[in-house]
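*Asks:* Pasting in a structure now, in structure tokens, and then I'll have a few things to ask.
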Amino acid sequence: MTRGGTYLGTAGAVLTRARLERYRRYGLLLEAQEEALDGGDLERFRWLADEAERLRSETDPVDDSGELSSAEKAEARAVLEAALERGVRIRERLREMRAAAASDVRDIRRRGPQARRYVRGEGTPPAGPSKLDVRS
């Protein structure tokens, strides 16, 4: 959550109600993004990521059009901390998905030669979940 090297939630920064609303929307976008990822809706996940990035880039690091109450500042901090934690979970989930996909690709490549021999009628079916007899 940096812009120009300035952390948006640093102590002493002047927060505004408009910025607090942007923080809330950003948190909701990340929440929806995590739900889309968990549900396997990668198109929606990507759209939400673009929207969150757009909102983040539009949020000025300093906006002195009005100050927040202590309760609003506490809410802003909580919203940002929750968004940060959600972002960490999303990145971890993406790392897990990439690792699983890479493992699947390696497995397919490993079984490729055996599958080609089987199709030519020269071998036994390749190991794996498929029970399809492609030679008959």
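The values are calculated or read from the model by the stated rules, or taken from the named source; none is laboratory data. Keep in mind it's a predicted model, so treat the numbers as computed, not measured. All Cβ positions, glycine included, derive from the backbone under ideal geometry; neighbour counts span all protein chains shown.
*Asks:* Identify, please: which residue in region 12-66 is among the polar types (S, T, N, Q) and in a helix (DSSP H, G or I) and is, among those, modelled with the highest pLDDT?
*Replies:* Gln33
*Asks:* Are there any pairs, at least 6 apart or on different chains, whose C-beta atoms fall under 6 Å, with the first in region 54-78 and within 14 Å of Arg24 (Cβ to Cβ) and buried (at least 16 other Cβ atoms within 10 Å of the Cβ) and the second at pLDDT 85 or above and of a type outside the set (Val, Ile, Thr), and if so, which?
*Replies:* So the pair list comes out as Thr59/Arg22; Ala76/Tyr23.
*Asks:* Under 9 Å between Cβ atoms, at least 6 apart or on separate chains: pull out the pairs that start in region 79-91 with a residue that is charged (D, E, K, R) and end on any residue that is assigned to a helix (DSSP H, G or I).
*Replies:* Close Cβ pairs (under 9 Å, with a partner that is assigned to a helix (DSSP H, G or I)) amount to Arg86/Gly27; Arg86/Leu30; Arg86/Glu31; Arg86/Gln33; Arg86/Glu34; Arg89/Glu34.
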